[in-house]
1. Out of all the residues in segment 397-413, which are surrounded by 24 or more Cβ atoms within 10 Å (Cβ to Cβ) and under 15 Å from Leu48 (Cβ atoms)?
2. Kindly indicate whether any position in segment 244-251 is assigned to a loop (DSSP other than H, G, I, E, B), farther than 23 Å from Leu141 by Cβ and either within 24 Å of the chain's Cα centre (by Cα) or free of Cβ contacts under 8 Å to residues at least 60 places away in the same chain (or both).
3. So, in segment 396-434, of the ones that are among the small types (Gly, Ala, Ser) and in a helix (DSSP H, G or I), which residue ends up nearest to Thr258 (Cα to Cα)?
4. Examine segment 296-309 for a residue that is out of contact with any Cys (no Cβ under 6 Å at 6 or more places or on another chain), over 29 Å from Gly134 (Cβ atoms) and surrounded by fewer than 21 Cβ atoms within 10 Å (Cβ to Cβ), and state whether such a residue exists.
5. Name the residue that is modelled with the lowest pLDDT, counting only residues in segment 173-192 that are within 25 Å of Phe127 (Cα to Cα) and touching a helix residue (DSSP H, G or I) at 6+ places or on another chain (Cβ under 7 Å).
6. Of all residues in segment 265-288 being assigned to a helix (DSSP H, G or I) and away from the ligand (no atom under 13 Å from the Cβ), which is surrounded by the most Cβ atoms within 10 Å (Cβ to Cβ)?
7. Considering segment 160-194 alone, what residues qualify as being part of a loop (DSSP other than H, G, I, E, B), closer than 21 Å to Phe397 by Cβ and touching a strand residue (DSSP E or B) at 6+ places or on another chain (Cβ under 9 Å)?
8. With within 22 Å of the chain's Cα centre (by Cα) and closer than 25 Å to Tyr30 by Cβ as the only criterion, which of Gly391, Gly398 stands out?
Amino acid sequence: MNNKQTNLLSFDQHHVWHPYTSMSEPLPSYLVESAQGVVINLASGEKLVDGMASWWSVLHGYNHPRLNTALIEQSRKVSHVMFGGLTHEPAINLCKTLIEITPTPLQKVFLSDSGSVAVEIAIKMAFQYWISKGKTNKNKLLTVRNGYHGDTFATMAVSDPATGMHHMFEQVLHEHYFAPAPQTKINQPWQAQDTIALEKLFSENHQNIAAFIIEPIVQGTGGMRMYHPQYLKTCRALCTKYDVLFIADEIATGLGRTGKLFACEWADISPDIMCLGKTLTGGYITLAATLCTTDIAEVISNGEAGCFMHGPTFMGNPLACAVANASLSLLLEGHWQNQVAAIESYLSENLIPLSQHQRVNDTRVLGSIGVVETRQNVNMANIQKRFVELGVWIRPFGKLIYIMPPYVTTDEQLACLIQAINTVLNEDDCFIDE
Ligand SMILES: Cc1ncc(COP(=O)(O)O)c(C=O)c1O
């Protein structure tokens, strides 16, 4: 590395806060020079096959000519303009596509800047809906353990109490209802007792519950758990029975990741509110959307406020919408189905057998998601360094070494990722003794 790069990293280490990272003892960060396709190029010269799709978001690969062109062309017209009182073609076209591809009852779209904000908006919609109906006692949410919905306060309050450290934020977080996490795995016979506790929470508390929120089919950050579609079907039925709004957080699962365009399709259900983010711009720029039914939009609009009480500065950013349109049109050309199916079949054949390793507790695959759950926690600093030395970008946490690569990843690149995982499994200093 040259002097400039060393200085950049030194400044970064002392002043730049990274996600879930200590400022007093920061783990090293690696300086990225560029990225192309599925490869991240480090300033130090290493080329890394990306197993993370930059946290689920990159679909078509980095530096994609069609996405680049959309961005450049839009920047020549208008990069940003306020959305209050003004509108534009990129946002209109995006909302049109989202309404077309999501379940039919979802007809209204609220654009925002990030996944956490999209969930905040969904929660606010649910509360404002019931307030507008005069049911002010519906002021709680119901969810399941092991969920993750973001890092802001409303989203943290419905994320897993243990991993979200609810005890630390006890004084400032709203208290909601938590059912046990779904237990029946997607590939197991359905166990009807799985929803008993959930049904009890619904039946005893529905008068206070505004909405039920869940990540459909895959609980991501809260454990990479893939659960049975019947669980989701039962959730939908309980919401309808007890007059509770159903919020599907498809921020990680939406747009093909699980092998269906939306994970709700596994259970053939339609939510009342759906959140999208991450993949929306193919991983280019931050953008999110919250979709809801006409009924929700009308009740809110006819309520006391006469409007939905939300309006971020960068709502409907034209650059983000233009890239999202280009990414969605690439996606809807249809190759994703074969691409995700090919990744799933490669991972099933080559990653699932890692379950034979003595260090491994479980392996699982769904769509383009592959998970190796280990018996010991990983040693983050050591395992990250080893992955970089082995030419891959994989960022595990806790006992989870997982990949969800861009859809354009080839078999050779998948082989690199799996080979690297296999290698670190044999290295004691990549794990912490308990
Ligand atoms: C299911 C789910 N919801 C919400 C979020 C929050 O999105 P963001 O990080 O864009 O705020 C995430 C992020 O990982 C997520 O996986």
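1. Matches in segment 397-413: Ile403, Pro405, Pro406, Thr409.
2. No, segment 244-251 has no match at all.
3. Residues of segment 396-434 that are among the small types (Gly, Ala, Ser), as a first pass: 398, 415, 420.
Checking the rest, the ones that are also in a helix (DSSP H, G or I) come to 415, 420.
Details: Ala415: 20, Ala420: 23 Å.
In this case the residue turns out to be Ala415.
4. No.
5. Filtering first and then ranking leaves Leu173.
6. Pass one, segment 265-288, residues assigned to a helix (DSSP H, G or I): 265-266, 278-281.
Subset that is away from the ligand (no atom under 13 Å from the Cβ): 265-266.
Working: Glu265: 16, Trp266: 23.
Top of the filtered list is Trp266.
7. Asp160, Pro161, Ala181, Pro182
8. The match here is Gly398.
The values are calculated or read from the model by the stated rules, or taken from the named source; none is laboratory data. The model shown is predicted, which means the values in this text are computed figures rather than measured ones. Cβ sites come from the backbone with ideal geometry, for glycine too, and all protein chains shown count toward neighbours.
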